[in-house]
1. Looking at this structure, is Phe30 modelled with pLDDT under 85, surrounded by 10 or more Cβ atoms within 10 Å (Cβ to Cβ) and on the phi > 0 side of the Ramachandran plot?
2. List the number of the failed condition for Ala60; all other conditions in (1) within 20 Å of Thr178 (Cβ to Cβ); (2) among the hydrophobic types (A, V, I, L, M, F, W, C); (3) at pLDDT below 95 hold.
3. Counting only residues that are part of a loop (DSSP other than H, G, I, E, B) and among the charged types (D, E, K, R), which one in the range 176-208 is nearest to Ala166 (Cα to Cα)?
4. Looking only at strands (runs of 3 or more DSSP E) that fall completely inside the range 45-155, which ones have 1 or more residues that are closer than 21 Å to Arg189 by Cβ?
5. Counting only residues that are farther than 19 Å from Asn218 by Cα and crowded, with 20+ Cβ neighbours inside 10 Å, how many does the range 68-78 have?
Amino acid sequence: MPRFDRKAMREKLLERHKESFNRKDDSGKFKTIFTGLPEKTQWWRVSEDEHQLDIIPYIASSKHPNVPAGDPAYSVDIWVHRGIGPAEGSYVCLSRMFKKACPICEFQKQMKEQEEFDEDVVKKLSPTRRIIYNVWVHDSTKEEEKGVQLLDASHWLFEKELAELAKLPKGGGFVEYTDPDIGKIISFRRSGKGALSTKYSAFRFLERDQPISDTILNSTFVIENYIHIADYKEIVTALYGKAMEDEDEENFSEPEKEAPKEEVKEEAPKEERKRRGRPAPENPCPYNHKFGIDIEKSDDCQKCEKWDPCSEKADELETEKEKDIPDPEPVKEEPIRRRRRSE
């Protein structure tokens, strides 16, 4: 009969149990950028309906990409590649976030340089801008009782709308809607199903009945601590579905310099642009909408790789208008109060 070291066996089995717990939600596909979240973490899924919530601030750690450690933050603004490789995982874009070489961006650039390429495949490789919040939802008593939940939303559809709503006219500053004492409840409506048809609208700030309690403030997540930043080699493995070859790994050193800017190349003849499905040079929009004018007026905008330059052009046009048109007098409105629920 074999003799067992029961103590050693118990310790190793405990490790197996921990490993099993850490893999319990892993389906082998759709790897997310989040790791190590507490077991009872709840993600708020925004349904097609009207909603009310508070965005709850927290104290940033040294891992926050934009806020100094120890300062208050209310979100993490991050660029993410999604649906990457055979496992269709998600990875933080090293180029957009840290100005480092990103293998996904490099692969996308290589595809664009080919004489013929699949436009849909190339677009899917573009990173999307996401915004992550701690939220306290007031849609129902049941939702309120859940306490702080995490919300992962499109920056363009959600945060951009909030930022514009918070800007006061005539240089009057901003509505401090995330402040725990004088902040506001955010009211909005979601419509549409699926990533390309989802819309957020009817944003309003409502008066709070009372400040955010210490209980809620102390139950926030330090969001950036749970975001996994994959290194260059890990992303290469995910992108191509296999680990780097031994000889490549021996000679491998992750690029540290800033990601190179795309070279401006001479335009191909018009006939060739047509063959590739590209627009004529006078209109940079790949869907033949008015560049910088029709932004967010079509579902095409949500999947367009030209969103950034189009958005910058829209800002330029808006700035030119503001130079010639005086700001309107602010309209005085009575504060809207959320109905207090009976206890």
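1. Yes, satisfied.
2. Among (1) within 20 Å of Thr178 (Cβ to Cβ); (2) among the hydrophobic types (A, V, I, L, M, F, W, C); (3) at pLDDT below 95, the lone unmet condition for Ala60 is (3).
3. Glu176
4. The strands (runs of 3 or more DSSP E) meeting that bar are 50-55, 128-137, 148-154.
5. Total satisfying the criteria: 1.
The values are calculated or read from the model by the stated rules, or taken from the named source; none is laboratory data. Predicted model, so just to flag it, every value in this text is computed and none were measured. Note that we place each Cβ from the backbone using ideal geometry, even for glycine, and neighbour counts take in every protein chain shown.
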